[in-house]
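The values are calculated or read from the model by the stated rules, or taken from the named source; none is laboratory data. This one's a predicted model, so the numbers in the text were calculated from it and none came from an experiment. Cβ coordinates were reconstructed from backbone atoms using ideal geometry, including for glycine residues, and neighbour counts include every protein chain displayed.
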Amino acid sequence: MWNLKSRPKVGLGWGLRAMPELPEVETVASDLRAHLTGRRIVGVTVNWQRSIARPSHEEFIQQVIGCQVRSVSRRGKYIVIELDRGYLLVHLKMSGRLQLVPAMQPLDTHLRVVFDLDDGHQLRFQDTRKFGRLYLVDDPHQVTAGLGPEPLADNFTLDDFRELLVRRTGRLKPLLLNQSFLAGLGNIYADESLFAAGLHPLRKADSLTLAEQALLYRAIRTVLSGAVAGRGTTLSDGGYTDAAGQAGTFQHRIAVYGRTGKPCHRCQTPIERIVLGGRSAHYCPVCQVV
DNA sequence: AAAGCACCCTGTACGC
DNA sequence: TGCGTACAGGGTGCTT
């Protein structure tokens, strides 16, 4: 176990990393949309071949050069760049960043893929941990087919959510992380949504009352839309930044994630941490009922 | 369907 | 000071 007293108490530290989830990906996508739309890709450099998921890195380079960007959007945690020939999808995973910078700007560390654009800028994919992946496909569905609904979509209703929940018997926390159940939640916003709903991470999905189903539905939508408005969460490690390298603001509103041992904002009880399916879950043992 | 695990990777922080 | 090791994270794939 961790020796809590010996750990530095810096920000939300504790070795946890902020990683891109729906709000961060949405922020990056909307930033890129403003500056990338209409640009043509005139060159590509691949420094780490495994960053290219498909096709082969040779085919990727050959096919993407000369393409023009038509639009930029998001599906789950994927950034979807529509080209005049196919789609470029990017999953940032844990440490990936997409930044749009002048080509003259000094190269950053951990640069894996660089796109030269026709306006003298570069789209740079940095990825310390090398888990991020780029896909070049004819149809984005080839990559995103298995994803569940978009939690913030207008047509995603409480009734839709109820139907999904009652068909599941597992625990809430792993379920919220399952991208085929709902697309876009990661560890931070899953923990924050459960706290906001007053539901314990070990709670069984099919055990929720009608009122609790509504609480969770509203919590997920409120937490996510608040984080989108705040341009995402940047923890003290500076892991996530937007396409211009700027930090988000939602870290100031984090209630439980990474706050193990610190007082609950509502009842002052120390926040607890458990491990579920190899992932940490943070919660208030008083405010969140099993 | 659910739960557990290893894997991919590296920076950080720890113990010695 | 320096070295070895545990650990965090998302998603996939495998096994139970």
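Checking the stated criteria, residue A:228 turns out to be under 22 Å from the mean Cα position of the chain (by Cα) and under 30 Å from residue A:101 (Cα atoms).
In segment A:263-290, the residues that are more than 16 Å from DNA strand B (Cβ to nearest atom) form Cβ pairs under 8 Å with partners that are assigned to a strand (DSSP E or B) and aromatic (Phe, Trp, Tyr), at six or more places apart or across chains, as follows: A:271/A:283; A:272/A:283.
The single condition among (1) without any contact (Cβ under 8 Å) to a residue 60 or more places away in the chain; (2) within 15 Å of DNA strand B (Cβ to nearest atom) that residue A:201 does not satisfy is (1).
When you check residue A:53 against the structure, is it within 16 Å of DNA strand C (Cβ to nearest atom), closer than 17 Å to residue A:244 by Cβ and either surrounded by 16 or more Cβ atoms within 10 Å (Cβ to Cβ) or among the small types (Gly, Ala, Ser) (or both), yes or no? Spelling it out, it is not the case that residue A:53 is within 16 Å of DNA strand C (Cβ to nearest atom), closer than 17 Å to residue A:244 by Cβ and either surrounded by 16 or more Cβ atoms within 10 Å (Cβ to Cβ) or among the small types (Gly, Ala, Ser) (or both). Taking the numbered list (1) loosely packed, with under 15 Cβ neighbours inside 10 Å; (2) more than 24 Å from the chain's Cα centre (by Cα); (3) within 16 Å of DNA strand B (Cβ to nearest atom) in turn, residue A:45 passes all entries but (3). Residues that are assigned to a strand (DSSP E or B), under 13 Å from residue A:192 (Cβ atoms) and out of contact with any Ser or Thr (no Cβ under 9 Å at 6 or more places or on another chain) within segment A:248-290 comprise A:281, A:283, listed in sequence order. Before we move on, is residue A:185 within 16 Å of DNA strand C (Cβ to nearest atom) and either at pLDDT below 95 or assigned by TED's automatic domain parsing to the domain that holds residue A:164 (or both)? Spelling it out, residue A:185 is indeed within 16 Å of DNA strand C (Cβ to nearest atom) and either at pLDDT below 95 or assigned by TED's automatic domain parsing to the domain that holds residue A:164 (or both). Against the list (1) touching a helix residue (DSSP H, G or I) at 6+ places or on another chain (Cβ under 9 Å); (2) on the phi < 0 side of the Ramachandran plot, the condition residue A:231 fails is (2).
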